[in-house]
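Accompanying notes for the structure given below.
The values are calculated or read from the model by the stated rules, or taken from the named source; none is laboratory data. Nothing here was measured: the structure is a model prediction, and the numbers come from that model. No Cβ is skipped: glycine too gets one built from the backbone with ideal geometry, and neighbour counts run over all protein chains shown. For accessibility, only protein heavy atoms count, side chains too; no ligands or nucleic acids. Shrake-Rupley method; radii C 1.70, N 1.55, O 1.52, S 1.80 Å.
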Amino acid sequence: MTTLFFRIFYPKRKAFQKLIDILGYIPRHWYLYETAFIHRSASQSGKGGSVINNERLEFLGDAVLDAIVADYLYVRYPSMDEGFLSKMRSKIVKRNQLNILAFELGLDQLIISTSFHVNGGKYVCGNALEALIGAMYLDRGYNKTRAFVIN
């Protein structure tokens with residue numbers, strides 16, 4: 001399976017290997033992950049004139065991340081009230097925190113953008129992390145995505 005995967009996608013081999021190393025598995029639907037790293041500034045045209053970038057996956061990933069973190073905190077702190085749980089979730093999914101995590105994972109090396117270096121990548125990496133989570137969710141489902149986020 002891996003040999004076929006690399007033979008087909010040889011030009012992007014290093015990026016795909018980096019992604020496999022980050023995820024710990026070979027994606028089933030690689031196009032989702034590729035889309036997760038296309039910043040709006042590098043949008044591409046799809047069939048029928050649709051725009052291809054990571055914004056839709058980012059939207060989905062944001063919601064999935066919130067659900068995973070809420071679920072984790074709810075189970076982890078059974079006696080804490082809604083106010084505590086909300087504050088904890090907001091600290092965990094804060095944009096700056098997501099940017100730090102994305103850089104630590106090396107997602108900055110996978111992003112396709114024409115403006116990444118111009119604006120210093122202020123939120124580009126954190127947005128790509130959310131898009132990656134959205135791609136994982138569509139490709140492998142909630143449980144696999146949850147395991148990745150929690151770990």
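Here I8 meets the list (1) at pLDDT below 90; (2) under 22 Å from G106 (Cα atoms) almost entirely, failing just condition (2). Of everything in the stretch 44-70, what is out of contact with any strand residue (DSSP E or B) (no Cβ under 9 Å at 6 or more places or on another chain) and farther than 18 Å from Y137 by Cα? Give them in sequence order. Within the stretch 44-70, K47, G48, G49, S50 meet the criteria.
Give the stretch 127-151 a look and list any residue that's out of contact with any Pro (no Cβ under 9 Å at 6 or more places or on another chain), among the small types (G, A, S) and open to solvent by less than 40 Å² (accessible area, probe 1.4 Å), or say none. Within the stretch 127-151, A128, A131, G134, G141 qualify.
In the stretch 38-54, the residues that are in contact (Cβ under 8 Å) with a residue 24 or more places away in the chain form Cβ pairs under 9 Å with partners that are exposed (fewer than 11 other Cβ atoms within 10 Å of the Cβ) and in a loop (DSSP other than H, G, I, E, B), at six or more places apart or across chains, as follows: S41/V118. On the stretch given as the stretch 72-95, residues that are of a type in the set (V, I, T) and loosely packed, with under 12 Cβ neighbours inside 10 Å total 1.
Scan the helices (runs of 4 or more DSSP H) fully inside the stretch 44-151 and keep the ones with 3 or more residues being aliphatic (A, V, I, L, M) and in contact with an Asp or Glu (Cβ under 9 Å, 6 or more places away or on another chain).
Qualifying helices (runs of 4 or more DSSP H): 55-76, 124-140.
Taking the stretch 27-43, which residues are open to solvent by less than 40 Å² (accessible area, probe 1.4 Å) and either outside any helix (DSSP H, G or I) or aromatic (F, W, Y) (or both)? Residues satisfying the conditions are P27, Y33, F37, I38, H39. Considering the conditions (1) surrounded by 18 or more Cβ atoms within 10 Å (Cβ to Cβ); (2) modelled with pLDDT of 85 or more, G121 is excluded by exactly one of them, (2).
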